């Protein structure tokens, strides 16, 4: 995995490149990147290819993700999400959703649970000059971004 600071004014933008020979799992790699640069608020976008992917569909009644395993090469049509501070663990939490293109032209999408890079993954991390806080929401069964007193409206 490699990274380059794209801009260092009010906000910072990085490009993070995962390559085919890098054994790093994507969520683990991005979490390590966020820890290293002390990122607690960012938006994330990416394109590329995965060789093995697990996405999830959130079963609200059960308060858990139903995993959907895709064991073939897929194009990452869109990978979107954020990085925020998980207050309980006091560390960055990477939260991503993926739209994946299958070889027959069909698509699959959901919450990214696990991903391994095939060829490359080009990730842009736009860091915000603040902290977003994720707190557990027991009613829903997820950690959600809580704006608290920082809300503008």
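The values are calculated or read from the model by the stated rules, or taken from the named source; none is laboratory data. Small disclaimer: the values here were computed from a predicted structure and weren't measured. When we count neighbours, we look across all protein chains shown, and the Cβ atoms used for this are built from the backbone with ideal geometry, even at glycine.
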Is it the case that segment 94-104 has a residue that's surrounded by fewer than 21 Cβ atoms within 10 Å (Cβ to Cβ), touching a strand residue (DSSP E or B) at 6+ places or on another chain (Cβ under 7 Å) and more than 28 Å from residue 146 (Cα to Cα)? yes
Per-region count, segment 91-126, residues on the phi > 0 side of the Ramachandran plot and at pLDDT below 95: 1
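For the subset of segment 63-88 comprising residues that are touching a residue at least 60 places away in the same chain (Cβ under 8 Å) and over 17 Å from the mean Cα position of the chain (by Cα), which member is farthest from residue 140 (Cα to Cα)?
The residue in question is 64.
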Please specify each residue of segment 19-59 satisfying the condition of being more than 13 Å from residue 125 (Cα to Cα), in contact (Cβ under 8 Å) with a residue 40 or more places away in the chain and in a strand (DSSP E or B). 19, 48, 49, 50, 51, 52, 53, 54, 55, 56, 57, 58
